[in-house]
Amino acid sequence: MRNRLRYLAALTVVGLLAACQGGDGKSNTSGGQYPRNETLYTSGTLWGPPTNWNPLVPGGLVTGTEGLVYEPLFLFDPETLKLEPWLAEKGEWSADKKQYTVTLRDGVKWGDGKPFTADDVKFTLEVGKAKAVPYSNIWNWVSQAEAVDARTVRVTFSDPRVQEWENWLYQRAMLPKHIWESRSEADLTSHKNEKPVGTGAYEYSTHGQDRMVWKKKSEWWATKALGLEVKPTYVVDIVNSSNEVALGLLTSGRLDLSNNFLPGVANLVKGDFHIKTYYAEPPYMIPINTAMLIPNTTKAPLNDAAFRKALAQAIDTKKIAEGVYGNIVKAANPTGLLPFFDQYVDQATVSQSGFSYDTGAAKSTLAGAGYRDANGDGKVEAPGGKAIALKLIVPSGWTDWMEAARVIAEGAQAAGINVVAEFPDSAAVDDARTTGKFDLLLNNWTEVSNTPWTYYNYIYQLPVQKQQFAANFSRYQNPQAWNLVQKLARTASDDPAYKTTIADLQKVHLAELPAIPLWYNGLWAQFNDSVWTNWPSSAQGAPKSFPCTWNNIWELGAVKTLTQIKPVAAK
């Protein structure tokens with residue numbers, strides 16, 4: 001295995017790195033040289049040349065735009081399950097939960113030297129009044145944002161949505177009013193925002209067809225306020241062409257952190273490749289989101305809950321976990337709630353309405369709903385006799401998902417459901433998901449968060465738009481479930497109604513299966529410690545921040561990883 005990996009590494013790195021690195025260990029690009037012991041090479045987010053640095057554009061923005069450049073008011077710490085003050089020094093609810101007051105840290109500046117003030121926070125909130133901005137819905141329940149003084153912002157709620165607001169506090173990057181206020185409403189989400197100016201530790205350096213380069217700023221507020229200092233002078237994020245290319249880069253030591261799925265992780269960790277993972281043993285990775293099969297419920301027969309149930313029963317998730325992933329993932333609970341939220345799983349509902357892999361049960365469910373193999377070809381037709389032919393699409397090059405899609409299609413075919421796996425390029429899958437021009441696809445945009453509200457908001461969000469950018473890709477319409485989601489958003493975590501509302505949502509989910517939970521996706525994080533060491537791990541005394549460059553993970557404290565790693569020479 002080791003020899004095979006080395007051979008693969010030699011083949012795959014030559015083309016990409018020959019153009020960007022000299023034999024002296026320094027990188028040469030149009031942007032200049034990057035001393036190896038001052039440069040962190042990452043990969044796992046870019047699947048094409050960098051094109052967008054606009055934090056108001058959901059998906060597709062260059063990694064680090066949020067996190068390294070733009071920062072939120074708070075971080076969310078998955079270990080303590082609490083919000084951690086970041087640009088904000090503190091935040092407080094009024095006794096009646098109708099107002100929330102944010103006090104900003106003193107001395108925070110934008111990259112151009114302008115002070116970060118309450119006016120910037122107020123502006124960021126009010127930008128959401130534009131319908132195209134992803135968080136425009138907050139103005140359905142926020143009535144006013146006031147800059148009380150330079151460091152104090154008071155937000156008044158017409159409808160205090162405690163869960164939703166606390167999620168906003170760490171998910172949304174602050175914008176500099178003095179730069180963004182001149183942009184038209186159309187420009188807010190269409191502007192590429194090259195060379196972004198933020199409060200974070202890094203600034204734009206350069207980019208090319210194969211990479212994005214961030215450079216450490218001379219000053220960062222957190223150094224003085226929190227004693228934090230990012231160690232790499234440069235962060236170079238490499239464009240992926242496939243998971244195999246990332247494997248080659250990592251095993252050859254030309255990549256420090258890979259956030260790709262890599263085949264054969266156990267062999268990588270046990271070999272002499274200098275490769276480490278968060279856990280030294282299976283599952284090696286931190287569970288971070290739930291991978292789900294998304295049926296387009298606007299199309300027959302996927303608009304039939306019984307058909308969706310049969311499809312769920314036909315999928316061998318154990319085979320995916322063991323065969324595709326080598327046990328670095330686990331099959332999901334039928335509710336799809338991450339292990340992080342185990343305390344909220346209604347076991348009685350799971351026992352009564354859950355599903356498991358059972359081809360015979362899938363066939364029975366289909367027969368009970370009127371699906372028959374009338375022409376004897378081994379595949380069922382719809383109750384009216386119409387043939388069924390469904391395509392399951394995942395991006396080409398996502399080798400783990402490609403293999404998982406094959407397992408899903410194989411299970412469906414065995415149950416008599418005609419599903420074929422296809423692999424268009426990533427952009428085509430993105431477009432299909434957004435426009436609704438698909439039958440089945442995989443998606444996992446339900447990450448660890450401060451509340452199960454985010455998970456159910458993702459599944460049930462209404463109204464369904466012509467284009468769906470971030471949630472309810474199934475186009476499933478259930479006003480009752482949506483009302484429960486909104487009730488959950490308003491309910492404090494210590495209110496008994498919080499748990500009962502989550503249980504009610506589980507009942508709807510398992511009865512209707514608008515999205516079919518499959519497995520808990522790992523936070524793919526493989527690091528090579530030949531240049532940088534002191535990576536996060538489960539070992540006692542080791543840093544516990546997330547070693548990840550994915551967007552939306554920086555806000556979970558991943559940025560701290562860059563303050564904890566050390567160049568090998570400094571060991």
Too-long pairs where the Cα-Cα distance tops 19 Å, listed order kept, from 309/507; 109/217; 109/177; 97/487; 466/487: 466/487
Which one, 46, 315, 63, is farthest towards the positive end of the dipole of the chain when Lys and Arg carry +1 and Asp and Glu -1 on their Cβ? 46
Sort largest first and round to whole Å: the equivalent ellipsoid semi-axes of the stretch 412-456, each the square root of five times a Cα gyration tensor eigenvalue. 26, 17, 9
Once you have a ≥ b ≥ c as the square roots of the Cα gyration tensor eigenvalues for the chain, tell me rounded if a/c is under 1.5, and otherwise prolate or oblate according to whether a/b is larger than b/c. oblate
Calculated from backbone phi, Karplus (6.51, -1.76, 1.60) coupling profile of the stretch 193-203 in Hz, x at Gly/Pro: 6, 4, 6, x, 10, x, 9, x, 6, 10, 9
In sequence order, calculated HN-Hα J values of the stretch 298-314 (Karplus, 6.51, -1.76, 1.60; Hz; x Gly/Pro): 8, 10, 7, x, 6, 7, 9, 4, 5, 5, 5, 5, 4, 4, 4, 5, 8
Protein accessible area in the chain, 1.4 Å probe - carbon and sulfur %: 48
Relative to the present Cα-Cα distance, how much length would full extension add between residue 299 and residue 112 at 0.36 nm per residue of separation? 62.2 nm
Positive-end residue, the chain charge dipole about Cα centroid, Cβ charges, pick of 283, 415, 257: 257
Solvent accessible area, Å² - residue 524, 1.4 Å probe, full protein context: 10
Net charge dipole size for the chain [Lys, Arg +1 and Asp, Glu -1 on Cβ; Debye, nearest 20]: 380
Taking the Cβ-Cβ separation of residue 192 and residue 140 as r and a Förster radius of 35 Å, what is the calculated FRET efficiency to the nearest 0.05? 0.75
So, for the Cα atoms of the stretch 71-181, Rg and Dmax in Å stand at 13.3, 39
Could you check the spin-label model distance between residue 374 and residue 184? Points 7 Å from the Cα along Cα→Cβ, value in nm. 5.5
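Shape verdict for the stretch 163-259, please, from the Cα gyration tensor: rounded (a/c under 1.5), prolate (a/b greater than b/c) or oblate.
Prolate shape, in that a/c is at least 1.5 and a/b is the bigger ratio.
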Sequence of 106, 400, 495 when ordered by accessible area, the most exposed leading, probe 1.4 angstrom: 106, 495, 400
Whole number in Å², please: accessible area per residue of the stretch 71-181, 1.4 Å probe, ligands, DNA and RNA not counted. 42
Considering the dipole of the stretch 71-181 built from charges on the beta carbon (Lys and Arg +1, Asp and Glu -1) around the Cα centre, which of 134, 118, 72 is farthest to its positive end? 134
Could you let me know the centre-to-centre spacing of the stretch 326-382 and the stretch 205-282, using Cα atoms, in angstrom? 37
Residue 97 accessible area, 1.4 Å probe, all protein chains in place, Å² to nearest 10: 80
Ordering 71, 322, 244 from largest to smallest accessible area (1.4 angstrom probe), what's the sequence? 322, 244, 71
Using only the heavy atoms of the protein chains and a 1.4 Å probe, how would 120, 529 rank by accessible area, largest first? 529, 120
Check which residues have an amide H placed less than 5 Å from residue 533's amide H, if you skip close sequence neighbours. 566, 568
For the stretch 394-490, just say rounded, prolate or oblate: build the C-alpha gyration tensor, square-root its eigenvalues into a ≥ b ≥ c, call rounded for a/c under 1.5, and beyond that prolate if a/b exceeds b/c, oblate if not. prolate
The stretch 371-380 - phi-based ³J(HN,Hα) in whole Hz, Karplus 6.51/-1.76/1.60, Gly and Pro as x: 8, 9, 8, 6, 9, x, 8, x, 10, 6
Spin-label point model (7 Å from Cα, Cβ direction): what's the residue 98 to residue 228 distance in nm? 3.6
For the stretch 287-522, with every protein chain kept in place, what is the accessible area per residue (1.4 Å probe, Å²)? 39
Roughly how much of residue 403 is accessible, in Å² to the nearest 10, using a 1.4 Å probe? 80
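The values are calculated or read from the model by the stated rules, or taken from the named source; none is laboratory data. Since we're looking at a predicted model, the values are computed, not measured. Every residue, glycine among them, receives a Cβ derived from its backbone with ideal geometry; neighbour counts consider all protein chains shown. Surface accessibility is based on the protein's heavy atoms, side chains included, excluding ligands, DNA and RNA. Shrake-Rupley method; radii C 1.70, N 1.55, O 1.52, S 1.80 Å.
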